[in-house]
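Here is the structure we will look at, set down as structure tokens.
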Amino acid sequence: MPNLSVRIGNLVLKNPVMTASGTFGYGEEFDDFFDISTLGGIIVKGTTGSKREGNPYPRMAETPSGMLNAVGLQNKGVDNFISDIYPRIKDTDTHIIVNVSGSTIDEYLMVASKLNELEKIPAIELNISCPNVKEGGMAFGTSCPSAIAVTEAIRKVYHKTLIVKLSPNVTNIAEMAKAVEGAGADSVSLINTLLGMAIDAERQKPVLSTITGGLSGPAVKPIALRMVWQVAKAVKIPVIGLGGIMNAADAIEFMLAGATAVQIGTANFIDPAVCPKIIDGIQDYLIRHRNTDVNEIIGKI
């Protein structure tokens, strides 16, 4: 059988298939569907410094070939994660990675420093698509100086593998990737959701309570694929690709474009057992193409 293991920073993943934050809960919700320890890694839902209720309903909407969400980082905060959730998931036989979010650099620092102390959390994924409340609400990830500032700050307190999740709502994604690489990121993941909206024509009102939300699903795949290809050529650190990956063929395209690993998001809502199918599909592809190692196809186009 071909070797499926890949390396992200200090992490060796048993295969390149991970789950995207916010689409897989804390992993335990999927125990009834398949053995989650077969995954390369699980990115748990966004975690903030204090409890967040999220946005008012409605906050999700189906769109052609995709979905919009404006959940608003609903979670019970990092202390609750450490006391209640971590003990339940820490012995899962795969890498548990926490997505870290915040409205200020101080909030990011507080969350990252607390997670740094958890033995069974070997990495964090820094969500820089959050609005910086001290800078007028502009997302950390849409300005190079802001992205550099938060990444450098986290690097000083977080000593394990640091993945930075990039926003696609920028002019030059490669420039942003190089900026966070220079600030100390061990890897970048992309793309986060694209900003979109939906309108109910009969009611003459926006569908979402927040008017706009994050677009994900097959509709964003061509954009995500292009951005992964651009970033993989621009940086020396590993790239994790996501955005509209629904099956093994999609995942393989991202790897051919330069992704070392992939994250599965919206597809989990359609088929909760899609991830092991994608792992099997990658293995079958490697056998058909006479590859002995998955790393042979990374960036091959």
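Which residues does the label zone of residue 301 cover in the stretch 234-255, counting backbone N under 17 Å from a point 7 Å along Cα→Cβ? The answer is 234-235, 239-255.
Each principal axis of the Cα cloud of the stretch 1-159 was taken in turn, and the coordinate range along them, longest first, works out to 52, 41, 32 Å. When a/c reaches 1.5 or more, the comparison of a/b and b/c decides; with that in mind, is the stretch 253-294 rounded, prolate or oblate per its Cα gyration tensor? Note, shape of the stretch 253-294 comes out oblate.
Taking the Cα centre as origin and putting +1 on Lys and Arg beta-carbons and -1 on Asp and Glu beta-carbons, what dipole magnitude results for the chain, to the nearest 20 debye?
640 debye
Given R0 = 22 Å, the distance between the Cβ atoms of residue 202 and residue 65 translates into a calculated FRET efficiency of 0.50.
When the expected Rg is taken as 2.2 N^0.38 Å, what fraction or multiple of it is the alpha-carbon Rg of the stretch 1-70? In units of the globular-protein estimate, the stretch 1-70 measures up at 1.42.
Considering only Cα-Cα distances, which of the following residue pairs are longer than 30 Å: 165/277; 14/236; 156/300; 114/178? Numbers along the way, then the final one.
Values: 165/277 25 Å; 14/236 22 Å; 156/300 35 Å; 114/178 27 Å.
Pairs exceeding the cut-off: 156/300.
Note on residue 104 and residue 117: their simple-model spin labels are 2.1 nm apart, each label 7 Å out from Cα toward Cβ.
Looking at the stretch 6-297 alone, DSSP beta bridges between its own residues are antiparallel in about 40 percent of cases. In the chain, the DSSP-assigned H stretches of four residues or longer account for a calculated mean residue ellipticity at 222 nm of -8000 deg cm²/dmol, using -39500 (n - 2.57) per stretch and the full residue count as denominator.
For the pair residue 283 and residue 76, the difference between a 0.36 nm per residue extended length and the Cα-Cα distance amounts to 70.7 nm. The separation of the stretch 209-260 from the stretch 93-147, counted between C-alpha centres, amounts to 20 Å. Over all distinct alpha-carbon pairs, what is the Kirkwood Rh of the stretch 6-297 in angstrom? For the stretch 6-297, the Kirkwood estimate is 19.0 Å. Compared with the direct C-alpha span, the chain from residue 50 to residue 291 gains 82.1 nm at full extension, assuming 0.36 nm per residue. Stretched out straight at 0.36 nm per residue, the stretch from residue 273 to residue 195 would grow longer than its current Cα-Cα span by 25.3 nm.
Here the spin labels are modelled as points 7 Å beyond Cα on the Cα-Cβ line, and at residue 34 and residue 138 they lie 4.2 nm apart.
Readers should treat all values here as calculations from the given coordinates under stated rules, not as data from a laboratory. Computed from a prediction, not measured in an experiment: that's the story for all the values here. Counting neighbours? That spans all protein chains shown, and the Cβs are built from the backbone with ideal geometry, glycine included.
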